[in-house]
Amino acid sequence: MSTKAADTPSLPGFSQMVLLLGLGWGLTNIAYGIYDLPLKFVLKEELHLNAQQISAFFALGVFSNYVKPLAGILTDSVPLFGTRRRWYLILSLLLCGLGWLILGSVPRSYNLMLGVFATTYTMVMIISTTFGGVMVETAQRFAAAGRLTAQRIGMFRLGSLVGGPLGGFLAKFPLLLTLSLSATLHFALIPIVWFWLKEPQKATLNKELWHEAGEQFRGLVKSRVVLAAAGMIFLIAASPGFNTPLFFYQTNTLGLSKQFLGNLTLIGAAFGLLTAAGYHKFCQKGSMRLILYVSILVHALGTLFYHFYQTPGTAIAITALEGVTQTLAVLPVYDLAARGTPRGSEALGYSVMMSVWNLTNSLSDWVGSTLFTKYGFGFTHLIWLNAGTTALVLLVIPFLPRELLNKTDGLPQGKDDHP
């Protein structure tokens, strides 16, 4: 055996990569599902923040999500210790775990906690981006894009199914306990990545990738289809949100317990998962035009049911309904992003449109929280405002390019199901 062959590790097989990705997506998303409610309660009860301030905390804290494409280019072009994935994952998992521990230990100061949270979430973003790169490479090696994408979505839902109720339970205890568990889940992945993600240490700096990305980005902003898809994604997400005002309504007005709120997360995730399971059949039978009309109308009408959100029983029923309507609103966004991205710019185009979605969602909740906190909008007013502005998006659909509207899932590229 040659020295070169001995120094080059054999690449892991498909089953090992599926297990690695499943554990990676699953453990990290459970960790993220766990911390959400406990951190919100600390901000509300210990720092005495209002809805606008809490919304701003999370909008600013996850700022790295808005520039995620840059992380993808970085990990693709700049190797660490001769690898493009292995050491990015090991170091970001380590730093993320340490970040959760520090966040649970620092004094209860808004600026200090925001700084630690934003730094930790930057590691979250790098972990997600790098695992995404591993997933794409595995999909290309084994022609398994559909299976691995389904696995990723399933693990995201698992994070809410497990993390929601567990987070509700842990919200009754000191924040450090919750964040120690989140840290432990990240630390547990380090030996798994170390032993299972074998990568030849021969990657070199790829300066051309930044130039290629710049050329691709210039092509994206010149594309009418891309701009239309990004604009539609913006409009769908831009309705003033009420996630944070709902949290205050649930706790201050209805007096729902922390555990009950965690259980509601499970219910919404479960019904969302069931809806996602049926979406693939719907998108194979209907054009994007029909899908957009149905999803936006159902989401707007479903929002109006929040007027009956007055008891624990109606909270359960409406959360289940929201799991359905929210999933029907989100899935076409992913669909639009995929259909609107031109060939040759798939990764960059898709990530740019997802960044538009992430940024607009954060701004939407902040606007709704500002109206709720500073301008006297009640929870009922926000329901009408959200439903009405969502319904207005229906007026924009006829003006979208037919390349986006008439394509049915499953048809070859360039063929429409309408003449």
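The values are calculated or read from the model by the stated rules, or taken from the named source; none is laboratory data. No experiment lies behind these values; they were computed from the predicted model shown. Here the Cβ positions follow ideal geometry from the backbone for every residue, glycine too, while neighbour counts run over all protein chains shown.
Is at least one residue of region 191-198 in a loop (DSSP other than H, G, I, E, B) and surrounded by fewer than 18 Cβ atoms within 10 Å (Cβ to Cβ)? Write out each step before concluding.
Narrowing region 191-198 to residues in a loop (DSSP other than H, G, I, E, B): 197-198.
Okay, now just the ones that are also surrounded by fewer than 18 Cβ atoms within 10 Å (Cβ to Cβ), so 198.
There is at least one residue in region 191-198 that is in a loop (DSSP other than H, G, I, E, B) and surrounded by fewer than 18 Cβ atoms within 10 Å (Cβ to Cβ).
Scan region 55-105 for residues that are in contact with a Ser or Thr (Cβ under 9 Å, 6 or more places away or on another chain), of a type outside the set (A, V, I, L, M) and not in a helix (DSSP H, G or I) and the total you get is 4. Look at (1) in contact with a Lys or Arg (Cβ under 8 Å, 6 or more places away or on another chain); (2) part of a helix (DSSP H, G or I) and you find that ALA203 fails only one, number (2). Within the span defined as region 149-171, one or more residues are within 30 Å of GLU322 (Cα to Cα) and over 23 Å from the mean Cα position of the chain (by Cα). Whether a residue is at pLDDT below 85 and under 24 Å from ILE153 (Cβ atoms) was assessed, and LEU266 does not pass this test. Among the conditions (1) surrounded by 21 or more Cβ atoms within 10 Å (Cβ to Cβ); (2) of a type in the set (A, V, I, L, M, F, W, C); (3) at pLDDT 75 or above, the only one that ALA229 does not satisfy is (3).
Please indicate, with yes or no, whether at least one residue in region 248-255 is of a type in the set (Gly, Ala, Ser) and free of Cβ contacts under 8 Å to residues at least 24 places away in the same chain. Steps first, answer last, please.
Of all residues in region 248-255, those of a type in the set (Gly, Ala, Ser) come to 255.
Within this subset, residues satisfying the condition of being free of Cβ contacts under 8 Å to residues at least 24 places away in the same chain are 255.
Scanning region 248-255 turns up at least one residue that is of a type in the set (Gly, Ala, Ser) and free of Cβ contacts under 8 Å to residues at least 24 places away in the same chain.
In region 275-293, which residue that is at pLDDT 70 or above and farther than 13 Å from THR327 by Cα is surrounded by the fewest Cβ atoms within 10 Å (Cβ to Cβ)?
Narrowing region 275-293 to residues at pLDDT 70 or above: 275-278, 287-293.
Right, trim to farther than 13 Å from THR327 by Cα and you get 287-290, 293.
Details: SER287: 20, MET288: 25, ARG289: 18, LEU290: 15, TYR293: 17.
The qualifying residue surrounded by the fewest Cβ atoms within 10 Å (Cβ to Cβ) is LEU290.
Close contacts from region 393-412, counting a first residue that is over 18 Å from ALA329 (Cα atoms) and aliphatic (A, V, I, L, M) and a second that is at pLDDT below 80 and assigned to a loop (DSSP other than H, G, I, E, B), with Cβ to Cβ under 7 Å and a gap of 6+ residues or different chains, come to LEU411/ASP417.
The residue that is modelled with the lowest pLDDT, among those in region 374-404 that are farther than 17 Å from ALA230 by Cα and in a loop (DSSP other than H, G, I, E, B), is GLY376.
Can you say whether PRO38 is of a type outside the set (Val, Ile, Thr), assigned to a helix (DSSP H, G or I) and surrounded by fewer than 22 Cβ atoms within 10 Å (Cβ to Cβ), as far as the supplied structure shows? In short, no.
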